[in-house]
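In what follows, a single structure is set out as structure tokens and then discussed.
The values are calculated or read from the model by the stated rules, or taken from the named source; none is laboratory data. Since the structure is predicted, the reported quantities are computational estimates derived from the model, not experimental observations. Here the Cβ positions follow ideal geometry from the backbone for every residue, glycine too, while neighbour counts run over all protein chains shown. Accessible surface areas use protein heavy atoms only, side chains included; no ligands, DNA or RNA. Shrake-Rupley method; radii C 1.70, N 1.55, O 1.52, S 1.80 Å.
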Amino acid sequence: MKRLLIGLALLLAGREATAQGQGYQLSGDQVVVDARRHWQNWGFRPGTVELTPQGQVRARYWRKNVNAVADIAEYLRLNVPVGLGKKKPEEITLADALQAGSNPGQVAAVLDGDLNTYWEPGPLPAEVDPATQWWLVVDLGRLVFAQKIALKFVGEELGDPFLLFDVLVSDGTRPARVRGAAAPEYRSVLKTLQRNKSQRVFEIDLTREDPSVAGEGLRFVQVVVTGSDLDRGREVAQDEYEALPVGERGAVEYYKRLSGGREVEVRQAVYARLAPERRGSIRYFRRERPRLAELEVWSQGDELLIGTFQRLGTVALPGGEDANLRSFVDGDLVTDSNLIIGKVVQGAEPERSLVFDLGSTFWVDAQRMAYGRGLYRSSFADYRLDFSDGTLAADGSIKWTRAVDRKQVQQNGVRFDGNSFAPLKARFFRLQYTLSSGGAQVANLAEIQLYGEGYQPQVELESDLIRLGGSRNLLSIGWEADTPPGTQVLLQTRTGDDLEEELHYFKKDGTQVSEAEYKKLLSIFRGEITTREVEGRSWSDWSEPYAGPAGSPISSPSPRELLKLRATLRSSDPLATATLSQVRLRFADPVAQGLVGELDPVQLQSLGQPQTFSLFIRPRFAGGDLGFDQLLVRVPADMSLEFGGLYAEAGVAGEGLERLALAGVELIPSGADSLRLAFPLIGPKSGVEVLRLDFRSALYSTGAVVEAALQRRSGGGGQWQRVDPGDALAGVQSNSLTLVGVIQHKEVIADLQVKPALFTPNGDGINDRVEFEFAVVLVGDASPAQIEIRDLSGRLVRRLASAGQQAGTGRRRISWDGRDQQDHPAPAGIYLAHLRLDTQTEGAGLASPGRTRRIALAY
């Protein structure tokens, strides 16, 4: 079968890395995952996990108060600006975000966090205005809500600060009243008016710019140098001047001495012709070295929504108008969309919702919105913010928690809006607003953002396809992890033997398209068609999470040739995360390619009543399989097993199966809830098609799983291979290893037996005690039993309790030796024994937990 993969939204778990290789190592009889290169080949939602150099994996920490210049290129790759033309995301570098009128190749140095690297504008003729060439522009790659901008100049030994300069910012929108404007509109946030020779750090507080968001929404930062001393940066002594590199030597000023001691500057040639007594001072200058070391833009934090689609999340407007939903999370204010909030109707319409699946789970405590830059920019009249971690309500719908309920008058000209609230765990987010009557009104929403702080509450990683090198009996899985309080690691498996092929269609430029779109392309525009192997339809579902890191038996179907692993890291504490270091899965050669079993019967009409069962096991052998010579069967602890017989059923030509009792069967001592049998080896050439075990047991609850496994004791490694439920024998229809009680009488005490009905406690060793044997069924708690012995007048003679504080379901025994509460012999006669169970049955639909029997005492 061939299946089509369309777009990033169907990539396997959003493959974070493209490293070649595989996400595991086969080491002897183990699958080992313990290196960074392994985790890089696992699938996970982009940006949700961190891989340490030591080969560990943990949830990502989402930060508050971050320097937005640190990851510009990554954000440009998420949403490639139109200005970059046809560049592919992987071709984009930091240089694509930078512009400068002078020395553009140095601009990246102001973003590298190193105060010893810098941008220095090139030399400039004195008659040229510095502002025309000495400028730089940084595109932050997305809209950020900035709280502070910092400029840091190099130390005195390395250079000078700018003499005069301006800092301007833009949110990326064009001037509203200038048609066809290509450049964004800037506004000044700092303008120096005094000559600066010494201040080397400037911090611009933006928190007062817009109180609703405690900052300024911006995408571009521009620095313009408006004044410079050029070749007269700093006066130095002659010897210092002569020691300077030639490129740093500035002007030399010559002065003529006038009467009265005054001096006037003259040209060097004039100075040379002056008489010695008329020669004044000579002043030496080092050239100005205007060097900006760092530009920092401190923003609200790591924004969550901008990566929604890369994490395979979605944005939906159920029943709403046609809007470019991607524009709300692309970090670009130019790509706004109008949401209709009012219509010409008779009455108000219902609420409408913009619903986000974030593609992963986060802690969220703040929200920001930006509106478009039209002539009549409008905000929402009112709105509500709801969040959900994915928990479902009783009707199956998502259960929401309201964080914000804003009621306000719709305003024109609003740029930004925001809210803060107590941290919430969120996988889903809903912006809900009301459609009101009163004419066509719109809210031209351009961007919506979410912020939070802490390690993600839950992340998942899925291994690549693990090839075991043949059919293998999967034994156990264990892992090493650091799990601080409030955190946990869950490991799951799924297995299979078959693979299917997935096709990917590409245009010549590398763009992935659907098969239908590919077929419409002219041949010159068609690119390659690639294939990828994926799990087939017969693969198992994911197992339940395994219990313990020290080693848990594999519950996925086995033996199998192929395997996948899934790791889930959870935390209830934003400041803590589980760290997974290693996964090890043990396997062995199988005793058979497959072992399927079923029980007969599986439905029981009464509980607590012993009866005979048959377990049928059909092995599927290949030529090199080990075979088996031991069988282990286990039931829940409240049940017991009594061996009835072990048989081999072999094919007889024209007669179907013939049942033969196995010779040499040895019953190996084990607990009451298990049977372990040894017998002659059964292998590929034994001719045995079905193994049958007969046993007696009783069911005490509504259901119980019978576990069975086979092993080869000698020469086979001693590893048990699980029997999976399935069709073992044509004449048996259960296909199940689970016993089910069909409850007709909801009573918690069953099969009460009193032996003997007449007892004689005279010390002769014959019938000296009366035994009450009964079954406790259907209760799952600690439920002690007691018996009250009363005479026919109702007087209490003796109160008896379960020996050994027995509790829960199963068979119990209580005996009476014929003595009363004071340990005196009770008189001969007829007594009533009332058995009751101390359990809570109210609301459970169970009958009164008591039974009464008549007994006779004689001497």
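What number of residues within region 633-650 are among the aliphatic types (A, V, I, L, M) and exposed (fewer than 15 other Cβ atoms within 10 Å of the Cβ)? It would help to see each step written out before you state the result.
To start, the set of residues in region 633-650 that are among the aliphatic types (A, V, I, L, M) comprises 633, 635, 637, 639, 641, 646, 648, 650.
Then keep just the ones that are exposed (fewer than 15 other Cβ atoms within 10 Å of the Cβ); that gives 637, 650.
Within region 633-650, residues that are among the aliphatic types (A, V, I, L, M) and exposed (fewer than 15 other Cβ atoms within 10 Å of the Cβ) number 2.
Could you give every pair whose Cβ atoms fall below 7 Å, whose first residue belongs to region 659-682 and is aromatic (Phe, Trp, Tyr), and whose second residue is in a loop (DSSP other than H, G, I, E, B), counting only separations of at least 6 or pairs across chains?
Phe679/Leu662; Phe679/Gly664; Phe679/Val665
Results for (1) modelled with pLDDT of 90 or more; (2) assigned to a loop (DSSP other than H, G, I, E, B), shown as yes or no for each residue.
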residue	(1), (2)
Asn735	yes, yes
Val740	yes, no
Asp781	no, yes
Gly794	yes, yes
Arg799	yes, no
Ser815	yes, no
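Find the residue count for region 743-780, including only residues that are open to solvent by less than 50 Å² (accessible area, probe 1.4 Å) and not small (Gly, Ala, Ser).
18
Could you check region 20-47 and list, in sequence order, the residues that are surrounded by 19 or more Cβ atoms within 10 Å (Cβ to Cβ) and touching a helix residue (DSSP H, G or I) at 6+ places or on another chain (Cβ under 8 Å)?
Within region 20-47, Gly23, Tyr24, Val33, Pro46, Gly47 meet the criteria.
Can you tell me which residue within region 317-355, out of those that are of a type in the set (Ser, Thr, Tyr) and modelled with pLDDT of 70 or more, is most open to solvent (accessible area, probe 1.4 Å)?
In the first step, residues of region 317-355 are kept if they are of a type in the set (Ser, Thr, Tyr); the result is 327, 335, 337, 353.
From what is left, the residues that are modelled with pLDDT of 70 or more are 327, 335, 353.
Numbers: Ser327: 1, Thr335: 46, Ser353: 20 Å².
It comes out as Thr335.
Go through region 615-632 and report how many residues are under 14 Å from Asn473 (Cβ atoms) and open to solvent by 10 Å² or more (accessible area, probe 1.4 Å). First the steps, then the outcome.
So in region 615-632, the residues under 14 Å from Asn473 (Cβ atoms) come out as 619-622, 624-628.
Now drop any that are not open to solvent by 10 Å² or more (accessible area, probe 1.4 Å), which leaves 619-622, 624-626.
Of the residues in that region, 7 qualify.
Does Ala709 satisfy the criteria of being of a type in the set (Gly, Ala, Ser), in a strand (DSSP E or B), open to solvent by less than 50 Å² (accessible area, probe 1.4 Å) and in contact with a Lys or Arg (Cβ under 6 Å, 6 or more places away or on another chain)? Step through it out loud before you land on a result.
Values: of a type in the set (Gly, Ala, Ser): yes; in a strand (DSSP E or B): yes; open to solvent by less than 50 Å² (accessible area, probe 1.4 Å): yes; in contact with a Lys or Arg (Cβ under 6 Å, 6 or more places away or on another chain): yes.
The answer is yes for Ala709.
Can you say whether Asp694 is within 17 Å of Ala728 (Cα to Cα), open to solvent by 40 Å² or more (accessible area, probe 1.4 Å), touching a residue at least 24 places away in the same chain (Cβ under 8 Å) and among the acidic types (Asp, Glu), as far as the supplied structure shows? So that I can check it myself, show each step before the final result.
Numbers: within 17 Å of Ala728 (Cα to Cα): yes; open to solvent by 40 Å² or more (accessible area, probe 1.4 Å): no; touching a residue at least 24 places away in the same chain (Cβ under 8 Å): yes; among the acidic types (Asp, Glu): yes.
Judged against the criteria, Asp694 is not a match.
Would you point out the residue of region 185-199, among those that are of a type outside the set (Val, Ile, Thr) and over 44 Å from the mean Cα position of the chain (by Cα), that is nearest to Gly372 (Cα to Cα)?
Taking region 185-199 as the starting set, the residues that turn out to be of a type outside the set (Val, Ile, Thr) are 185-188, 190-191, 193-199.
So of that shortlist, the ones also over 44 Å from the mean Cα position of the chain (by Cα) come out as 191, 193-199.
Details: Lys191: 27, Leu193: 33, Gln194: 37, Arg195: 38, Asn196: 38, Lys197: 41, Ser198: 41, Gln199: 38 Å.
Restricting to residues being of a type outside the set (Val, Ile, Thr) and over 44 Å from the mean Cα position of the chain (by Cα), the top hit is Lys191.
Could you list all residues from region 542-587 that are within 15 Å of the chain's Cα centre (by Cα) and either of a type in the set (Val, Ile, Thr) or open to solvent by less than 20 Å² (accessible area, probe 1.4 Å) (or both)? I'd like the intermediate steps shown before the answer.
Our first condition is that a residue be within 15 Å of the chain's Cα centre (by Cα); within region 542-587, this holds for 545, 565-574, 576-580.
Matches in region 542-587: Leu565, Ala567, Thr568, Leu569, Ser571, Ala576, Thr577, Ala578, Thr579, Leu580.
Test of understanding: among Leu392, Leu375, Leu385, which residue is modelled with pLDDT of 90 or more, over 19 Å from Gly301 (Cα atoms), more than 21 Å from the chain's Cα centre (by Cα) and hydrophobic (A, V, I, L, M, F, W, C)? Can you show your working first?
Details: Leu392 fails: more than 21 Å from the chain's Cα centre (by Cα); Leu375 fails: modelled with pLDDT of 90 or more.
None of the others qualify; the one that does is Leu385.
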